[in-house]
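The structure appears below as structure tokens.
The values are calculated or read from the model by the stated rules, or taken from the named source; none is laboratory data. Predicted, not measured: the structure shown is a model, and the values here were computed from it. Heads up, the Cβs are rebuilt from the backbone with ideal geometry, glycines too, and the neighbour counts pull from every protein chain shown. Surface areas here come from the heavy atoms of the whole protein model, side chains and all, with no ligands, DNA or RNA. Shrake-Rupley method; radii C 1.70, N 1.55, O 1.52, S 1.80 Å.
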Amino acid sequence: MTKTADVIVVGGGIHGCSTALHLALRGVKPLLLEKDYCGRHASGVNAGGVRQLARHVAEVPLSVASMELWERIEDLVGDDCGFESHGQVLVAEDEADFDNCRARVDDLRLRGFTHEELIDRSELKRLVPAVSDYCPGGVVSRRDGAADPFRTTQAFRRRAIECGAMVREGVRVLSIVRRGGIWHVATTDGALEAPVLVNAAGAWSGRLAEMAGEPVPLDVIAPMLMITARVPHFLDPVIILRGRKLSFKQFRNGTVLIGGGHLGKAYPDENTTVLDWQKLTASARTVDELFPVMRAATIVRAWAGIEARMPDDIPVIGPSKAADGLFHQFGFSAHGFQLGPGVGALMAELIATGTTHLPIEPFRVDRFVKRAYVTGDAPVLE
């Protein structure tokens, strides 16, 4: 027997769970499908950065709006998600790096955003006493912080169910067909129907888009992380670099999480990843140079998640250009965790009202299509 819903959401990461919750809060009846279990992939194993700092300018309005939800996350999902706000600091490693920081903050000011502040060497040392003396300053976003990513995704899933959403885990989508204004979705657990379909399938979103006749140039990546044994407390804010790849934070129990964008190898068909130990060594070397206090620390574990990255490193958010009733929400390029609450609310707004109160034009799905207006040839992907 075919089962129906108002909206079928494919993907049980933080974005799919957030959209399901916000749809349910609007009185819509969503059904979320996840091929494994919610938070199994990137949403559950990322660094948990809650970061407005150093985002692409197109993402800044979404990030600022999402931050307002993070600051009342317990009211929204009934769990504080381990969110702590100690700020995030972008450390400049030389004067050229510091000049780039200054230009960035000036540019944001002109655009009306004040969450990033330029800090000199003395303020950097006050915020991060253990940082090497050669660093001339940086940028701080004081409201930023970090949360527990798996706990957060589970909290959104749990609250979505409490509010009326249906969640099915261990169910794969086999095919999708639009017929008579309805999406007919064949799954490993039977046939489903809904007038609206949301593609929030993370690294597997490209396959769903292709089923709908809308291929996208999505790359499947495996961002890597390491964690150390416990060391004495020396750090409160989260640290990031831009010249070299590094993100860095210390937990309450003393362990230190090291990430920053070095990639392993992803095998999405097998749900597995393979670590690149040379790149992890490069991360460890950067930590050694930036934080001498870490030179005796021991790495105890490393892992990688499976994530989708777009060519321009910003996500796809919005309606399909090829199929009615299909909405895309994927390609967050290894920095989508903080955006989860806000983009889920925005997607629910778009589905329920047909519009959004924040701009999503930069995230349109057809931005990668090179149109052949002169020759009249069919559009091709760039």
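Based on alpha-carbon atoms only, what is the radius of gyration of segment 182-307 relative to the globular estimate 2.2 N^0.38 Å?
Compactness ratio reported: 1.42.
Given Lys35/Lys249; Lys29/Lys321; Lys245/Lys279, which pairs have Cα atoms separated by over 20 Å?
Details: Lys35/Lys249 31 Å; Lys29/Lys321 24 Å; Lys245/Lys279 10 Å.
The pairs that break the limit, which is 20 Å between Cα atoms, are Lys35/Lys249; Lys29/Lys321.
Sort 145-158, 163-176 by packing, meaning the average of other beta carbons within 10 Å per residue, with the highest value first.
Output ranking for 145-158, 163-176: 145-158, 163-176.
Tell me the carbon and sulfur percent of the accessible area for the chain, rounded to whole percent, probe radius 1.4 Å.
Looking at the chain in its full context, I get 51 percent from C and S.
What is the spread of the Cα atoms of segment 125-179 along each of their three principal axes, largest first, in whole Å?
62, 28, 20
Which value results when the Cα radius of gyration for segment 241-382 is divided by 2.2 N^0.38 Å?
On the way: Rg = 20.1 Å, N = 142, 2.2 N^0.38 = 14.5 Å.
That works out to 1.39 for segment 241-382.
Using modelled amide H (1.01 Å from N, peptide plane; none on Pro or chain starts), what sits under 5 Å from the amide H of Val50, excluding residues fewer than 5 places away?
Gly145, Ala146, Ala147
Once Lys and Arg get +1 and Asp and Glu get -1 on their Cβ, which of Met211, Leu263, Ser85 lies farthest toward the positive end of the dipole of the chain?
Checking the options against the dipole of the chain, the answer is Met211.
Counting Lys +1, Arg +1, Asp -1, Glu -1, what net charge surrounds Val140 among other residues with beta carbon under 9 Å of its beta carbon? Show your work: numbers first, answer last.
Numbers: positive: Arg142; negative: Glu116, Glu117, Glu123, Asp144.
Charge balance in the 9 Å sphere: -3.
What's the FRET efficiency of His357 with Ser85 using the Cβ-Cβ distance as r and R₀ = 25 Å, to the nearest 0.05?
Step by step, r from the Cβ atoms, then E = 0.50.
Under 5 Å between amide hydrogens, which residues at least 5 positions from Val9 or on another chain qualify, with H placed 1.01 Å from N in the peptide plane?
Those qualifying (amide H under 5 Å, at least 5 residues apart or on another chain) are Leu31, Leu32, Leu33, Val198.
With all distinct Cα pairs included, what does the Kirkwood hydrodynamic radius of the chain come out to in Å, to one decimal, could you say? Display every interim value, and only then the final one.
On the way: mean 1/r = 0.0465 Å⁻¹.
Kirkwood radius, the chain: 21.5 Å.
Under a straight-distance cross-link criterion of Cα-Cα below 13 Å, which aspartates and glutamates are reachable from Lys3, leaving out those fewer than 8 residues away in the same chain?
Result set, ordered by chain and number: Asp189, Glu193.
Taking every DSSP beta bridge that has both residues in the chain, what percent is antiparallel when rounded to the nearest 5? Please list the in-between numbers first.
Working: 51 of 71 bridges.
Just about 70 percent of them are antiparallel.
Kindly report the accessible area of the chain per residue (heavy atoms of protein chains, probe 1.4 Å, no ligands, DNA or RNA), in Å².
43
Give me the one-decimal nm value for the distance between modelled label points at Thr272 and Lys321, 7 Å along each residue's Cα-to-Cβ direction.
3.8
Mind pulling the angle between the C-alpha long axis of helix 60-70 and the longest principal axis of the chain? Nearest 10 degrees, somewhere in 0 to 90.
It is inclined by approximately 90 degrees.
Rounded, prolate or oblate: pick one for segment 32-134, where a ≥ b ≥ c are the square roots of the eigenvalues of its C-alpha gyration tensor, a/c under 1.5 means rounded, and failing that, prolate if a/b is larger than b/c, else oblate.
Numbers: a/c = 2.11, a/b = 1.75, b/c = 1.21.
Prolate.
Using the Karplus equation 6.51 cos²θ - 1.76 cosθ + 1.60 (θ = phi - 60°), what ³J(HN,Hα) coupling, rounded to whole Hz, does each residue of segment 352-364 give in order, writing x for Gly and Pro?
Karplus-based 3J(HN,Hα) across segment 352-364 equals 7, 10, x, 8, 9, 8, 10, x, 10, 4, x, 9, 4 Hz.
Students often check this: by mean Cβ neighbours within 10 Å, which of 90-98, 186-194 ranks highest, and how do the rest follow?
Ranked from most to least packed, the peptides come out as 90-98, 186-194.
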